[in-house]
1. Got a sec? Which of R330, R315 is of a type in the set (D, E, K, R) and under 30 Å from F266 (Cβ atoms)?
2. Within the stretch 210-222, does at least one residue satisfy the condition of being within 16 Å of ligand 2 (Cβ to nearest atom), assigned by TED's automatic domain parsing to the domain that holds S185, within 16 Å of R315 (Cα to Cα) and out of contact with any Asp or Glu (no Cβ under 6 Å at 6 or more places or on another chain)?
3. Does at least one position in the stretch 41-64 carry a residue that is among the basic types (K, R), within 30 Å of P179 (Cβ to Cβ) and either in contact (Cβ under 8 Å) with a residue 24 or more places away in the chain or touching a Leu at 6+ places or on another chain (Cβ under 6 Å) (or both)?
4. Out of the residues in the stretch 178-189 that are part of a loop (DSSP other than H, G, I, E, B), of a type outside the set (S, T, N, Q) and over 16 Å from W217 (Cβ atoms), which is nearest to the chain's Cα centre (by Cα)?
5. Which of the residues that make up the stretch 90-107 are buried (at least 16 other Cβ atoms within 10 Å of the Cβ) and assigned to a loop (DSSP other than H, G, I, E, B)?
6. Can you work out which of the residues in the stretch 238-252 that are surrounded by 16 or more Cβ atoms within 10 Å (Cβ to Cβ) and without any contact (Cβ under 8 Å) to a residue 60 or more places away in the chain is farthest from ligand 2 (Cβ to nearest atom)?
7. Check V238, V164, V175 and return the single one that is part of a strand (DSSP E or B) and not basic (K, R).
Amino acid sequence: MEAIQLEQAVELLQENCLPVTETEKLTIDDAAGRIIAQDITARINQPPFPRSPLDGYALRAEDTVGASKENPVALKVIDQVYAGGWSDREVRPGTAIRIMTGAPIPRGADCILMQEDTDYGMDTVKIYRSLKAWQNYCYEGEDFKKGTTILKAGQQLGAAEIGVLAGNGIREITVYRKPRVLVMSTGTELVSPGEFLGPGQIYDSNLHMLIAQLKLWSVEIVSYVSIRDDPEEAASYVREHAGKADLILSTGGVSVGKKDIMHDVFRLLGVERLFWKVRLKPGSPTLCGLYDGKPFLALSGNPYGAIANLHLLGRPLLVKMTGRSDLEIRKSHAVFDSGFPKKSPVTRYVRGVYKDGHAWSSGSNDSGVLSSFIGCNCMIVIPAGTMKVDPGERVEVILL
Ligand code: AMP
Ligand code: MG
């Protein structure tokens, strides 16, 4: 099978996965980051009454004509009203009502004068400024009006969206459920952290790294396992647990070595292969197919190769499955301060740090080295066919 371009791989993955359509009901406090599955129409006007935007006096603009510090106008204060309170009095010519921020504006008043422009009078207040009608007047429904659509199905719920729902009095909403992922690391050399490390063994980084990344993306891990290089064992695990998952993710065993078991695993499971090998570095031997209609993304075992391809291939797949725009890959441009000395026959994704339009590589870019990925916030894209990138050249970066 021919190696394909990344764009083609992403397209194949997106074409072959189904969006999650099942929904669940959540309270708004549990819904941040989720995709709402219903249109929301405002049930009330917000605010539900005209209200004061400041502390001062509710009055009639025509009573303030010509008022100034030198020539104050005196008005009779007939009541006071706080936020949460209500005044039944009407502001008639020559009168004012003391009012606090958030309090309902009483009948008859058409503007609010801030208290700093008065003598703070209790029974009679001296007005030092003239106002126009409707100045400092928050209308009923100024935020949103009853009957207007305030959210559409498919929108992702951030803090503002949740605040608007709450402002409507809505406690419960219907959202799409999270995508469910099965994660499997393969390698007879792998030992779980916390266990004894024997000769020739290494601790399993990938399983935990992938779980961590998926959790940061609010994806649900339905099951996970670290498995020896035994295709039967790996296949039977997938057979048993894939029913609960929307996506199967594995690392290791995708190259051409004797123990690169994932090809056998695909055969045993009858996985319909979509592609093997993507023209990029690191992690080029990524293998991908459909098991029972579900995408099965088998990443390289090299830790940086695995995480880089989770970003490059896994993220767009999750975007398609969830409609979540926050997972979309964001690109920018930067001056590559450190440059990169090696040849790049295929597109290379160099881990790095991006800040204020500059990017630099953070140490070793070997795909088996993981520690230099600590603190990285981008991948620097070096186009295929580049001999070397000199320090100071402009590059494209993928922001992580
Ligand atoms: P593989 O893709 O299985 O050929 O593995 C490539 C390299 O990555 C080998 O050196 C493996 O030992 C290493 N490796 C594979 N899986 C893991 C893992 N889960 N954690 C850390 N290193 C791994
Ligand atoms: Mg292996």
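1. Being of a type in the set (D, E, K, R) and under 30 Å from F266 (Cβ atoms) holds for just one of R330, R315, which is R315.
2. yes
3. Scanning the stretch 41-64 turns up no residue that is among the basic types (K, R), within 30 Å of P179 (Cβ to Cβ) and either in contact (Cβ under 8 Å) with a residue 24 or more places away in the chain or touching a Leu at 6+ places or on another chain (Cβ under 6 Å) (or both).
4. Filtering the stretch 178-189 for residues that are part of a loop (DSSP other than H, G, I, E, B), of a type outside the set (S, T, N, Q) and over 16 Å from W217 (Cβ atoms), the one nearest to the chain's Cα centre (by Cα) comes out as G187.
5. Passing the criteria: V91, M100, G102, A103, I105, P106.
6. In the first step, residues of the stretch 238-252 are kept if they are surrounded by 16 or more Cβ atoms within 10 Å (Cβ to Cβ); the result is 238, 241-242, 245-252.
Among the residues that remain, those that are also without any contact (Cβ under 8 Å) to a residue 60 or more places away in the chain are: 238, 241.
Values: V238: 17, H241: 21 Å.
In this case the residue turns out to be H241.
7. Details: V238 fails: part of a strand (DSSP E or B); V164 fails: part of a strand (DSSP E or B).
One residue alone meets the criteria, V175.
Here's the yes/no breakdown for (1) in contact (Cβ under 8 Å) with a residue 12 or more places away in the chain; (2) closer than 18 Å to D264 by Cβ:
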site	(1), (2)
G200	no, no
S205	yes, no
L214	yes, no
W217	yes, no
S236	no, yes
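The values are calculated or read from the model by the stated rules, or taken from the named source; none is laboratory data. Fair warning: this is a prediction, and the values are worked out from it, not measured in the lab. We place every Cβ from the backbone using ideal geometry, glycine too, and count neighbours over all the protein chains shown.
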